[in-house]
Every structure is written in structure tokens, then in C-alpha cells.
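Okay, structure first, notes after.
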2 protein chains.
Amino acid sequence: MTTRLLEIRAGVLSKNDRLAAALRERFQAAGLLVLNLVSSPGTGKTALLERTLAALVAAGARPAAIVGDLATDNDARRLARSGAPVRQIETDGICHLEAAMLAAQLDAAGWALDELDYLFIENVGNLVCPASYDLGEQLRVALLSATEGEDKPLKYPVIFNSADAAVITKHDLAGPCAFDHALAVSNLAAVRPGIPVFTTSARTGEGIATWLAWLAERRAELRQPGPGVQS
Amino acid sequence: MTTRLLEIRAGVLSKNDRLAAALRERFQAAGLLVLNLVSSPGTGKTALLERTLAALVAAGARPAAIVGDLATDNDARRLARSGAPVRQIETDGICHLEAAMLAAQLDAAGWALDELDYLFIENVGNLVCPASYDLGEQLRVALLSATEGEDKPLKYPVIFNSADAAVITKHDLAGPCAFDHALAVSNLAAVRPGIPVFTTSARTGEGIATWLAWLAERRAELRQPGPGVQS
């Protein structure tokens, strides 16, 4: 029975992968930078996004966000205050987002993708299951808060290994939590050598400018013609 | 395909339920109180258990622990310092513990269950998937740290609804985190009316005596003959 279950799961995954690949093509064609934010519950994905969306809107960029939760639309309501368009996916008990859920929300939203610059997807808070589901994002960003402990990359290696960048959040709480920043960075590097690591506090604003500069660079790269393309 | 997947999952779950029911009978027969601790990654399950095991050993009780993680045996090594017998389950990427994993560890450990008073099972850090897998425990305890935010019971209702007790951990960090304790308790009660809530700090020892007293009461109840049983 386990073998059958695994076979069917592989089937589901490859269906997800095909759909994610189609989404990725749409995003690339529209020049839209799409980021999939993954972390534990309570790491501060929504707080980082609040800061990020507000700063991007203030700078004249055009961000949007899609937020996944098992239940409630609290996060979408928080993020909508930035003025950016936001949609909530309630997964109704499912422990991760899938490409089909994202595609359905994009259809329902009716956004013109080429009139957006950034799309942030806030995944369900879970350090395990979202790792297996490609959403068609260009960048997967794994968050780790100063309150969770430096060992999390070692204990949840798959999700940190599959990430393109890491953000250490709630750094204003590093003191009270006796958080060892150098150890966290070295644990991240052990699981994913060379990963860029940002250190932020949504409360104080620490590190937000560096994070925004990196986002802008990644977005600018999208618009560059690839090697061999005539301009 | 979704329907087939769900049918096979239901089959897997009911196999798990049968195995869990058999484990529960063994635990009851041995007079062993078994607790399944569930929470996000980094909520402090291991820190609470360190305190709990050390206090129980010091008081002459006979606790044991089985710890689940995707990878590493760090937690088992931390807990073994208490002097209590401890085993680590490395799930190798699986996002929850299952009754079969627990049964296999109990066989491998060879513990005489009737010579133990308490068995603590530390589940994989995940607020979603462990909710669906009965391990044969008498009590499921959901932890929520002061650093995670008061809204987690509303956003992850299934796991808090299936819990017999809740522990608010890291309460020493409530000040720096601007944690609203009354709101967290009311959110827990909204999802699971009447749930007992303990408030602890493994760092300062706050609330540990109350938690230990509750454990001792639950353990004493196990030894009581049920209604209609002649003594």
C-alpha cells in the first residue's frame, strides 16, 4: 500500500510540476519576479511582507501578494493596507500551496501580469511539506526567526536546501533570545552552501533596505536578454 | 486521481488508527501515561521536556521520551542528559510521526512498559500534519510559544482542536515580543472550548510546577479503576 501511495504521490507531483513550469513561463514572459516565501508558523512572513509591500508601493513599484493559510483571511487583510493587490488562499486543512491553487487565484484575480513587477506568495507556515511543491516561482526564500533557534536548518534540511535565499527575521529579539547569528548563518551554509542570507527586523526596519536592493537586482535581471539573444 | 489519492490516504489512516488503538491498549494495561507533544518548529518542545524529565527523575518517577525529527539526533542527545531513557526517530523527510514508527522504536528499545510511569513523544515540528496521526497517546498536548503570535490557534485550528491541553511556552519573552497572553488564551478557547492552558518558561522555570502537578494527576487517574470495576 505504501508503494501505491508513493506512486500516486509522484503522479500528483509531476502534474504539479507541469503546471508550475507553465506558470513560470507566464511569469517570465510578463517580466514578473515571483517569490515563494516559506517558513515555520510565526516566523514573520507577513510582517516582512507588510514592510516590503509598503516600501515598494512608496517607491512606485507594482507589487502584489497571494497568501496561503489553512483558515482565516487575517493575513490578506493586513497586507492589503499597503495598497498592493492581495488575495488569500484558504487551503482548508492542506499543509502547503500547490501550483493549481495559485493558478486558480490568478485567474480569479484577473491581474494583468505584465502590469506587475513583483508577486510575493506567502506559503502555509510549515517547514516540511511546501518544499515538495514548485509554484512556478523564480525564487524560493526560506525565513528563520531569531526566536526559533539556530538549529532549524539542520533539522529541516530539505526546505532550506531548496531555497535560493534565506532571511533571518525578528533580529531585534536576538538579545533576549540569546540567538547566535554566526551559528545560524553557518548552519544555513552547511545545508545550502553559498546561499545569500539577509538579516532583518520588520519592527525596527533593520536590513530591509538591503533586502529591497536585492529584490530590485533580481527583478532587473529578469528583463536582461539571456546569452545568445540579440537585442 | 484526487479521489483515488484520498481513498488510499483514508486506507493508510485507518491502518494507523488500528495500530494506534493497539498501542493505546498496551499503554493502558501498563499504567503508562503517554503524551504526544505537537507544535511549530522552535516552539520549545525539547526545552520543556528537558525540564520535565529532569524534574520527574529527581522526584523518583520513571519517565522516558521518544523524539521525532526529519534529521539529526540532537534532541535525543539533549534529553538523555536527564538520565531518562530516550530514543530518536529520524523520519527522513516525513512530516509527522506515525503509530508504526512508534511501535518499531518501542520494539527496538525493549523497554518494560510497566516499569515506566510517563512516555513523552516529541512529534516533528509541524502545526498541520501530525494532527491526522494518532500515536496511541492518552493525551495530545499542543504548544504555542510567546514568540509565534497569538493568532496561531485560529490559523491552524485542526491541531489545537484535537489537543487535550495547551502549553504557552517561552513566557519569559512575552515582554520583548509584546505577547498578549489573554488574547492567546481566548483564541485557544475559541478553537477548543474548555482546554486546559499552562503557561511556562523553560528558562526561568515559571509554570513548571503546575504542569508537573497536572501530569501527576493524569497519571494517577490511569491507575484508578473505571466505573463498574470491582476492586
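The values are calculated or read from the model by the stated rules, or taken from the named source; none is laboratory data. As the structure is a computational prediction, the values presented were derived from the model and not from experiment. Using ideal geometry, Cβ is built from the backbone for each residue, glycine included, and neighbour counts are taken over all protein chains shown.
Residue count for the range B:149-174 under the criterion of being within 7 Å of another protein chain (Cβ to nearest Cβ) and either out of contact with any helix residue (DSSP H, G or I) (no Cβ under 9 Å at 6 or more places or on another chain) or without any contact (Cβ under 8 Å) to a residue 60 or more places away in the chain (or both): the result is 8. Of all residues in the range B:175-184, those being more than 9 Å from every other protein chain (Cβ to nearest Cβ) and in contact (Cβ under 8 Å) with a residue 12 or more places away in the chain number 5.
Scan the range B:67-102 for residues that are in a loop (DSSP other than H, G, I, E, B) and either surrounded by 15 or more Cβ atoms within 10 Å (Cβ to Cβ) or within 14 Å of chain A (Cβ to nearest Cβ) (or both) and the total you get is 15.
Go through the residues of the range A:203-219 one by one and say whether even a single one is basic (Lys, Arg) and at pLDDT below 95. The answer is no; no qualifying residue exists. With respect to B:VAL34, determine if the residue is within 14 Å of chain A (Cβ to nearest Cβ), in a strand (DSSP E or B) and among the hydrophobic types (A, V, I, L, M, F, W, C). Answer is no for this residue.
Quick one: would you say B:ALA108 is over 27 Å from A:ASP92 (Cβ atoms) and modelled with pLDDT of 95 or more? Yes: the conditions hold for B:ALA108. Restricting attention to the range B:111-139, the residues that are touching a His at 6+ places or on another chain (Cβ under 9 Å) and either under 29 Å from B:GLY60 (Cα atoms) or away from every other protein chain (no Cβ under 14 Å) (or both) add up to 2.
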